Structures are given as structure tokens and as C-alpha cells.
1. May I ask you to list the residues in region 1-17 that are exposed (fewer than 13 other Cβ atoms within 10 Å of the Cβ) and modelled with pLDDT of 95 or more?
2. Among the small types (Gly, Ala, Ser), part of a helix (DSSP H, G or I) and at pLDDT 95 or above: does that describe SER98?
3. So for region 27-39 (the condition being over 28 Å from ARG79 (Cα atoms) and at pLDDT 95 or above), does at least one residue qualify?
4. Please specify each residue of region 33-58 satisfying the condition of being surrounded by fewer than 12 Cβ atoms within 10 Å (Cβ to Cβ) and not charged (D, E, K, R).
5. Among the residues of region 39-78, what is the count of those that are among the hydroxyl-bearing types (Ser, Thr, Tyr), assigned to a helix (DSSP H, G or I) and touching a Lys or Arg at 6+ places or on another chain (Cβ under 8 Å)?
6. Can you tell me which residue among GLN38, GLN88, GLN48, GLN72 is over 16 Å from GLN11 (Cβ atoms) and either within 19 Å of the chain's Cα centre (by Cα) or acidic (Asp, Glu) (or both)?
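The values are calculated or read from the model by the stated rules, or taken from the named source; none is laboratory data. Because the structure is predicted, anything quoted here is derived from the model rather than measured. Here the Cβ is made from the backbone with ideal geometry for all residues, glycine too, and neighbour counts use every protein chain on show.
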Amino acid sequence: MDGKTAQALWQDYQFLTKEMIKFLSKQDMGLFYDLMNQRERLQTIIEQTEDDDFKVSLQGRSLLSEIQQVNQDITDNLRLILSRSKRQHQVSEAYGASSTTAVSQMNWKR
């Protein structure tokens with residue numbers, strides 16, 4: 001990625017962000033985390049690259065706005081997945097506790 005313009009780097013960042021939401025929606029967390037790590041490395045490169053006023057250009061602002069929207073979608077999806085996971089864990093714990101209690105109170109001698 002060396003030698004790329006700020007615009008090209010941001011376009012790569014946008015591509016990775018869109019791929020992240022795609023794999024998150026498929027709940028392929030392995031690929032999601034891989035893409036997230038690639039995007040973090042790209043962010044370091046972007047921070048070290050001369051911007052040439054791309055971020056303030058009309059095209060740059062539009063691209064960054066789209067990235068922010070997809071980032072919000074990713075955040076919303078992650079919250080939903082976490083909420084589901086917590087709920088499943090609570091149901092599992094509740095079932096485990098109630099079934100253990102019920103079994104221990106049964107009269108096994110007939």
C-alpha cells in the first residue's frame with residue numbers, strides 16, 4: 001500500500017469496512033476480525049500519509065460519511081449479537097439451575 005494517495009487508501013478503508021459488515025451479517029466472526037485487523041493496519045498507514053486535502057473535498061466528505069454510516073451499522077449489529085448472546089446465556093443458566101433443582105427434588109425411589 002506504500003505510495004498510494006490518501007484517496008486510494010480511504011477507498012481501500014471503505015472497501016474493508018463494507019466487507020466487515022457483509023461478514024458480520026453472515027456471522028462469520030473469523031473473517032470479520034481478520035478484516036478488522038487489516039483495517040486497523042490500514043488506518044495506521046492513512047495516519048502517516050499526506051492527506052492532500054482529500055478529506056475536506058466533496059468526494060472525501062462523501063466517502064467518509066458513507067464509512068461512518070457503515071461503522072454505525074457495524075456497531076448496531078455487534079450490539080444485537082451481544083444482546084442475543086447474553087440472552088441465550090441467561091436462558092441457558094436459568095434452565096441449568098431450574099433443571100438441577102427439579103432433578104434434585106425428584107423422588108427417585110419407587
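1. Listed by number, the list is empty, since nothing qualifies.
2. When the stated conditions are applied, SER98 does not pass them.
3. Residues of region 27-39 over 28 Å from ARG79 (Cα atoms): none.
Checked region 27-39: no residue is over 28 Å from ARG79 (Cα atoms) and at pLDDT 95 or above.
4. ASN37, THR44, GLN48, VAL56, LEU58
5. 0
6. Unique residue meeting the criteria: GLN72.
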